[in-house]
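One structure below.
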Amino acid sequence: MVPRTGVTVDIHPRDLPMALIGTAGGTLALWANAPTQIAIPTALLIVLDIRVRRSRRHS
């Protein structure tokens, strides 16, 4: 997927220890009895700080 002109996507890891995030994600998946196809993308959304910005062109 390629963003359009004028769209900026910033992806940064959160300021949390990776061991804490991994343990919390694994525990959540086991506790909720969630399949792997759901647990992994959810864990990535928790671990990563994703920001989408749109800038307008001035004519």
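Across the chain, the mean sequence separation of Cα contacts (distance under 8 Å, 6 or more residues apart), normalised by length, yields a relative contact order of 61 percent. I'd like the orientation of helix 18-32 relative to the chain: the angle between its Cα long axis and the longest Cα principal axis, in ° from 0 to 90, rounded to 10. On a 0 to 90 degree scale, this one is about 70. Relative to the first principal axis of the alpha-carbon coordinates of the chain, what is the inclination of helix 36-47, with its axis defined by its Cα atoms, in degrees from 0 to 90 and to the nearest 10? For 36-47 against the chain, the angle is about 60 degrees.
What number, rounded to the nearest 500 deg cm²/dmol, is the helix-based mean residue ellipticity at 222 nm of the chain, given -39500 (n - 2.57) per DSSP H run of at least four residues and division by all its residues? Write down the numbers at each step before the final one.
Working: 2 runs with 27 residues, N = 59.
The helix contribution divided over the chain gives -14500 deg cm²/dmol.
Note on the chain: GNM, Cα springs under 10 Å; of LEU20, LEU45, LEU28, the largest mean-square fluctuation is that of LEU20. Of the solvent-accessible surface of the chain, computed with a 1.4 Å probe and all protein chains present, 62% belongs to carbon and sulfur.
For the options ILE38, ILE46, ILE21, a Gaussian network treatment of the chain with springs between C-alpha atoms closer than 10 Å singles out ILE38 as fluctuating the most.
Three principal axis extents of the chain based on alpha-carbon atoms, in descending order, are 53, 24, 14 Å.
Under a 1.4 Å probe, what is the accessible area of the chain per residue, stated in Å²? Don't skip to the end; give the middle numbers.
Numbers: 5540 Å² over 59 residues.
For the chain, the solvent-accessible area averages 94 Å² per residue.
The values are calculated or read from the model by the stated rules, or taken from the named source; none is laboratory data. As the structure is a computational prediction, the values presented were derived from the model and not from experiment. Areas reflect the complete protein model, heavy atoms only, side chains present, ligands, DNA and RNA absent. Shrake-Rupley method; radii C 1.70, N 1.55, O 1.52, S 1.80 Å.
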